[in-house]
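These notes concern the structure reproduced below.
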Amino acid sequence: MRRFILHTYDKSKSFDLNGENALATEPSGLGNTFSLNYKESEKGKHLTNVTPEFEPIKLSIYFNMDGSNGYGNYKSLLLFLAACGTSQFLFEYNDGVTDKYCDVVLQSAPKSEINEDGLFVEDFTFERQTFWYERVEESFALKTTRAEETKFPLRFPFGFAGFVFKSKYKVSNTFFMDAPITVKISGDIAANIRLFIMTLDDKIVSEIALSTNNAEGTEILIEPTNKKIIVSDAAGEHNGYGLTDKTKQSFLYLPQGEYYIGSNMTADDDGAIEMSIKRYLFD
């Protein structure tokens, strides 16, 4: 059975579009489209670039299938969307075969009167920002080899079971688009932190260098989707973008192929660098 659910980006709040209070029908914009660029030459027309160009997702939402006048149900959806604000949020779509997500922003939320058939239905539009991707259930941690296997509950959208590794971990990306990597740094790490992606023959592909180490009670979240680096400590949350070496990258993206992801942590560090890779789907 097809299902649609909206979530705030941290998944702290959700809104189900599959019940009598709000029933989504007649969806469009769930597929994939591309913009093709060509260059003319004496030898003819040549394809130079292919970029995703997503259609907006449109849903007709019925608000009074429960027998009410529907305005209270409509207001509940608007309160959820107000909590998302102008930021991206998650659109979950289960087509009966795969459960997948994409990032969206609200484009339009019209409001009219109940029609002559007694139905309160509105056509909502969401601007799609990404390909569909998996809900990541497993990721990994770069962590001291003395620790035992443990679990790390994350506040960003995806939980995972973490495993103990030394200083690098082999990963792969089979999709043709680079996969964003969310990084969470916590605990005691002595040296200024360096993160990198390297080929299997040890050539650096991309690198983040921070002008700080880390101490217990401080967390650094590097989130590429929303382009944010947030430091959380006893003083609260503040922008950590200024910690990055501007001659290198600020965020990590995994190219297509097999690579190592690593850091300069040592066996003497008691902290952890937890990573979650967004796995895109061509679906």
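When peptides 17-23, 268-274 are ranked by their average number of other Cβ atoms within 10 Å per residue, the highest-first order is 268-274, 17-23. Full extension of the chain between Ala215 and Ser172 gives 12.4 nm of extra length, using 0.36 nm per residue less the Cα-Cα distance. Computing Rg and the Kirkwood Rh from the Cα coordinates of segment 62-109 gives a ratio, Rg/Rh, of 1.06. Projected label points at Thr51 and Glu116, each 7 Å from Cα along the beta carbon direction, are separated by 4.6 nanometres. As an equivalent ellipsoid, the chain spans semi-axes of 39, 26, 17 angstrom, where each value is the square root of five times an eigenvalue of the C-alpha gyration tensor, largest first. Solvent exposure of the chain, expressed per residue, is 51 Å² of accessible area, with all protein chains present and a 1.4 angstrom probe. Dividing the radius of gyration of the alpha carbons in segment 1-122 by their Kirkwood radius gives 1.12 for Rg/Rh. Take 240-250, 63-73, 122-132 and order them by the average number of nearby Cβ atoms within 10 Å per residue, most first; the result is 122-132, 63-73, 240-250.
Compute the FRET efficiency between Lys75 and Lys246 as 1/(1 + (r/R0)^6), taking r as their Cβ-Cβ distance and R0 = 45 Å, and round to the nearest 0.05. Don't skip to the end; give the middle numbers.
Working: r = 46 Å, r/R0 = 1.01.
In this case the efficiency is close to 0.50.
Subtracting the Cα-Cα distance of Asp270 and Lys203 from 0.36 nm times their residue separation leaves 21.4 nm of extension gain. Size descriptors for segment 187-283, from the alpha-carbon set: Rg then Dmax equal 14.2, 44 Å.
A Förster radius of 22 Å combined with the Cβ-Cβ distance from Asp99 to Lys227 puts the calculated FRET efficiency at roughly 0.25.
Accessible surface of the chain, 1.4 Å probe: 48 percent of it comes from carbon and sulfur atoms.
Under 10 Å from the Cβ of Tyr241, count the other residues' Cβ atoms, weight Lys and Arg +1, Asp and Glu -1, and hand me the total. Value of the local net charge: +3. Computed from the alpha carbon atoms alone, the convex hull of segment 12-61 holds 92 Å³ per residue.
Peptides 54-60, 184-190 ordered by packing proxy, namely the average of other Cβ atoms within 10 Å per residue, highest first: 184-190, 54-60. The mean sequence separation of alpha-carbon pairs under 8 Å and at least six residues apart, normalised by the residue count of the chain, gives a relative contact order of 18 percent.
Tell me the net charge near Phe80. Cut-off is 13 Å between Cβ atoms, Phe80 excluded, with +1 for each Lys or Arg and -1 for each Asp or Glu. Neighbourhood net charge equals +2.
The values are calculated or read from the model by the stated rules, or taken from the named source; none is laboratory data. Here the structure is a predicted model, which means the values were calculated and not measured. When we count neighbours, we look across all protein chains shown, and the Cβ atoms used for this are built from the backbone with ideal geometry, even at glycine. What goes into the accessible areas is simple: the full protein's heavy atoms, side chains included, and nothing from ligands, DNA or RNA. Shrake-Rupley method; radii C 1.70, N 1.55, O 1.52, S 1.80 Å.
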